[in-house]
Amino acid sequence: MAIIPKKVFLTKGVGRHKEKLASFELALRMAKIEKYNIVKVSSILPPDAKVVAREKALKELKPGQILYCVVSSTATNEPNRLMSASIGIAIPADRLVYGYISEHHSFGQTERFSGDYAEDLAASMLASTLGIEFNPDQAYDERRDIFMMSKKIVRTRSVTQSSRADKNGLWTTVVAAAVLLD
């Protein structure tokens, strides 16, 4: 039996702890997905999947449930180091065509830059699949105009969690996720 999710929600979180694993769990807790079994999947947004609000989607879930997620995370215990984790989504105009979800994690990038980068990754992957010609060396704002003018990509969006690592050297983890639901 094929599992094809019909909904997706975006979430993010940050956690700090003396143990790396515990900081990851705390980031999942802030993202409100710590009580589920997360299975990491690749980057396809199923045809006709709808982006829904996190709080509404969480009401349908049960602790221990398996969640299929595209996850971006990064962690460090280097004091004050800037880091980010982003998820980008590109939704095609034709809802019968699949879209793309990208993950991007980095050090030293601002929240806005990281989020724009993740959107650009998803939009570029979708554009190449749809046969939209573009110059990958152009600035994303210029490519975004080309993508939107093609009328084949209807919308992009992203969610990003950025943070400076704990100043005292605790492990700090940032997480962003696209959670796919039936």
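Structure notes:
- Residues that are charged (D, E, K, R) and in a helix (DSSP H, G or I), drawn from region 87-118: GLU111, ARG112, ASP116
- Scanning region 74-93 for residues that are more than 13 Å from the chain's Cα centre (by Cα) and hydroxyl-bearing (Ser, Thr, Tyr) yields a total of 1.
- Against the conditions (1) buried (at least 18 other Cβ atoms within 10 Å of the Cβ); (2) closer than 24 Å to PRO5 by Cβ, GLN109 satisfies every one except (2).
- Scan region 49-77 for residues that are loosely packed, with under 14 Cβ neighbours inside 10 Å and in a loop (DSSP other than H, G, I, E, B) and the total you get is 7.
- Taken as a whole, region 168-177 holds at least one residue that is exposed (fewer than 15 other Cβ atoms within 10 Å of the Cβ), in contact (Cβ under 8 Å) with a residue 60 or more places away in the chain and not small (Gly, Ala, Ser).
- Residues in region 94-110 that are at pLDDT 95 or above and either within 15 Å of the chain's Cα centre (by Cα) or among the basic types (Lys, Arg) (or both): GLY99, TYR100, ILE101, SER102, GLU103, HIS104, HIS105, SER106.
- Looking across region 10-36, the residues that are under 21 Å from ILE66 (Cβ atoms), touching an Asp or Glu at 6+ places or on another chain (Cβ under 9 Å) and either surrounded by 20 or more Cβ atoms within 10 Å (Cβ to Cβ) or among the basic types (Lys, Arg) (or both) come down to GLY13, ALA27, LEU28, LYS32.
- Every condition in (1) crowded, with 18+ Cβ neighbours inside 10 Å; (2) out of contact with any helix residue (DSSP H, G or I) (no Cβ under 7 Å at 6 or more places or on another chain); (3) not in a loop (DSSP other than H, G, I, E, B) is met by VAL39 except one, and the failing one is (1).
The values are calculated or read from the model by the stated rules, or taken from the named source; none is laboratory data. All figures in this text were calculated on a predicted structure; none of them were measured in a lab. Cβ: placed from backbone, ideal geometry, glycine included. Neighbour counts: every protein chain shown.
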